[in-house]
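Engineer: Please see the structure below; I have some questions.
The values are calculated or read from the model by the stated rules, or taken from the named source; none is laboratory data. Fair warning: this is a prediction, and the values are worked out from it, not measured in the lab. Don't worry about glycine lacking a Cβ; one is built from the backbone with ideal geometry, like all the others, and counts go over all protein chains shown.
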Amino acid sequence: MSALTTRPAIEAAVTRALADQPVCDMHTHLYPPSFGTPVPNASGKTDPAGLMLWGIDELITYHYLIAEVFRVVPATRLSYDDFYRMSKTEQADHIWRHLFVERSPVSESCRGVLTTLHKLGLDVGADKSLAPARKWFAQQDPSQYVDKVMQIANVSSITMTNPVFDDLERNKWLANPRIGDDPRFKAVLRIDQFLGDWPTAAKKMTELGFPCSPPIDDKSVESARKFLRHWIDYQKAIYLAVSLDPSFRYGAGATSDQVFEKIILPVCAERNLPFAMMIGSRRAVNPPLRDAGDMGGLADVPSVVKLCRDFPRNKFFCTMLARENQHELAVAARKFGNLMIFGCWWFLNNPTLIDEITRMRVELLGLSMIPQHSDARIIDQLIYKWDHSRDLIAKVLTDKYTDLARTNWPLTDQDVQRDVKLLLHDNFVNFLGR
């Protein structure tokens, strides 16, 4: 196979490889139809408590856009409570009017909605009406729609987030032991309370038949380990995960140190499961905004370094929410093979920041990281998240391969395909050890 020596040839090879390579999406908040859907659809089945979110109204009322619309129509004109008292359709109409019709939808969140609709073949630009799109979505079967979205986004596997202390979700698992059997979706055991609020976690585990006490004694350690093993097996979880406040510190003598050392990390090592830390989410800075009221803050990279150093048998996924953390975190990953950094999370999922962070990571780590995850909460978002991300990753790789070509290093289509497969699939799967 001939070498790629010119920028146009390199760009074409990169674009082709990224388009052809299916993604193993390592972190989402998505669910299969077995968890129920609140959206009316062709199957005629709806579940008001359903967790599978999809469709035009869910897409437009995503919490990013809720926060954005209150920039335009402030709470002094429409109170938060009045907004949340609206039906989902009324909320969507409100957001659509103020963010799409009365001004150009240039934010990344607005653009994402339009990319998704465009890729689905739905033209809302002609008269800027949502009625045709709503009619189309109402005719879709949820399971077939998941297949359609995964095909368009070229996603081969979706990794869920499954918070075991969420009563609604846990009860769905308990009511239907096969609820997680959809082969398109893999489970992740989410245990935020273990590290963020041990007394509450201990009380809940006790209620569920795994007696624990706020003081972490030997009986609590063994019971909590049994709890984790039980739910790992029940969900067939492929890793464990937590979201942590910017104030999180490891090694400062907090209760969370004992939880790490005595409970979580021994079980993860025993089962050869990575532990994922998403650090920097500052919850409810504006509580009336509900899910839209969170923001980010600066995390502590030395805590991650200490965990990687003190527990070499454990594997750690890590992403951080603050832009200012990214360089230090990438340097830390150079020092520890048991640390895999991933994605441009939440407020970093904007083109200028994705480009900057991905370039910096490639320059420091080569191809030994996971450049992106979708973090999607609505099935439809897979389409725009991966369409936009592929474009951005392509620009970075094209520049870096062009630099290689200037040194006369031979680069072929096969090389590019191999590298892209590492970034979008193999780095994640190999780190799991599956």
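Engineer: Name every residue in the range 171-208 that is closer than 22 Å to residue 223 by Cβ, basic (Lys, Arg), crowded, with 17+ Cβ neighbours inside 10 Å and over 20 Å from the mean Cα position of the chain (by Cα), in order of residue number.
Structural biologist: Answer for the range 171-208, where residues must be closer than 22 Å to residue 223 by Cβ, basic (Lys, Arg), crowded, with 17+ Cβ neighbours inside 10 Å and over 20 Å from the mean Cα position of the chain (by Cα): just 204.
Engineer: Please pick out the residue among 340, 369, 320 that is touching a residue at least 40 places away in the same chain (Cβ under 8 Å), in contact with a Gly (Cβ under 6 Å, 6 or more places away or on another chain) and within 30 Å of residue 32 (Cβ to Cβ).
Structural biologist: 320
Engineer: Does residue 359 fit the bill of being crowded, with 18+ Cβ neighbours inside 10 Å and not in a loop (DSSP other than H, G, I, E, B)? First the steps, then the outcome.
Structural biologist: Working: crowded, with 18+ Cβ neighbours inside 10 Å: no; not in a loop (DSSP other than H, G, I, E, B): yes.
Spelling it out, it is not the case that residue 359 is crowded, with 18+ Cβ neighbours inside 10 Å and not in a loop (DSSP other than H, G, I, E, B).
Engineer: Oh, and also: Give me the residue from the range 279-289 that is touching a residue at least 24 places away in the same chain (Cβ under 8 Å) and assigned to a helix (DSSP H, G or I) and, out of that set, farthest from residue 313 (Cα to Cα). Break it down stepwise before answering.
Structural biologist: Here is the first cut: in the range 279-289, the residues touching a residue at least 24 places away in the same chain (Cβ under 8 Å) are 279-283, 288-289.
Filter once more, so that each one left must be assigned to a helix (DSSP H, G or I): 288-289.
Working: 288: 43, 289: 41 Å.
Residue satisfying both the conditions and the ranking: 288.
Engineer: A follow-up question, please. Sort out which residues of the range 91-120 are farther than 17 Å from residue 389 by Cβ, among the aliphatic types (A, V, I, L, M) and either in a helix (DSSP H, G or I) or in contact (Cβ under 8 Å) with a residue 24 or more places away in the chain (or both), and write them in order of number.
Structural biologist: 92, 95, 99, 101, 117, 120
Engineer: Additional query: Do any helices (runs of 4 or more DSSP H) entirely within the range 147-249 hold 1 or more residues that are in the same structural domain as residue 325 (by TED's automatic domain parsing) and among the β-branched types (Val, Ile, Thr), and if so, which? Quick ask: steps written out before the conclusion?
Structural biologist: Details: elements: 167-175, 192-196, 198-207, 218-235.
Answer list for the range 147-249: 198-207, 218-235.
Engineer: With among the small types (Gly, Ala, Ser), surrounded by 15 or more Cβ atoms within 10 Å (Cβ to Cβ) and not in a helix (DSSP H, G or I) as the only criterion, which of 292, 276 stands out?
Structural biologist: Numbers: 292 fails: not in a helix (DSSP H, G or I).
Only one candidate passes the filter, namely 276.
Engineer: Would you check if residue 304 is farther than 30 Å from residue 219 by Cβ, at pLDDT 95 or above and in a helix (DSSP H, G or I)?
Structural biologist: yes
Engineer: Among the residues of the range 209-251 satisfying the criterion of being within 29 Å of the chain's Cα centre (by Cα) and of a type in the set (Gly, Ala, Ser), which is surrounded by the fewest Cβ atoms within 10 Å (Cβ to Cβ)? Reasoning before the result, please.
Structural biologist: Of the range 209-251, the ones within 29 Å of the chain's Cα centre (by Cα) are 224-251.
Within this subset, residues satisfying the condition of being of a type in the set (Gly, Ala, Ser) are 224, 237, 241, 243, 247, 251.
Values: 224: 25, 237: 23, 241: 21, 243: 22, 247: 11, 251: 15.
Selected residue: 247.
Engineer: Give 126, 75, 67 a once-over and let me know the one that is in contact (Cβ under 8 Å) with a residue 60 or more places away in the chain, assigned to a loop (DSSP other than H, G, I, E, B) and more than 30 Å from residue 179 (Cα to Cα).
Structural biologist: Numbers: 126 fails: in contact (Cβ under 8 Å) with a residue 60 or more places away in the chain; 67 fails: assigned to a loop (DSSP other than H, G, I, E, B).
Being in contact (Cβ under 8 Å) with a residue 60 or more places away in the chain, assigned to a loop (DSSP other than H, G, I, E, B) and more than 30 Å from residue 179 (Cα to Cα) holds for just one of 126, 75, 67, which is 75.
Engineer: Then there's this: Check 427, 349, 338, 408 and return the single one that is of a type in the set (S, T, N, Q), at positive phi and in the same structural domain as residue 238 (by TED's automatic domain parsing). Full working, then the answer.
Structural biologist: On the way: 427 fails: at positive phi; 349 fails: at positive phi; 338 fails: at positive phi.
From the options 427, 349, 338, 408, the qualifying one is 408.
Engineer: Does residue 71 fit the bill of being surrounded by fewer than 22 Cβ atoms within 10 Å (Cβ to Cβ), at pLDDT 95 or above, of a type outside the set (Asp, Glu) and under 30 Å from residue 371 (Cβ atoms)? Lay out the reasoning, then the answer.
Structural biologist: Numbers: surrounded by fewer than 22 Cβ atoms within 10 Å (Cβ to Cβ): yes; at pLDDT 95 or above: yes; of a type outside the set (Asp, Glu): yes; under 30 Å from residue 371 (Cβ atoms): yes.
Here the answer is yes, as residue 71 does meet what is asked.
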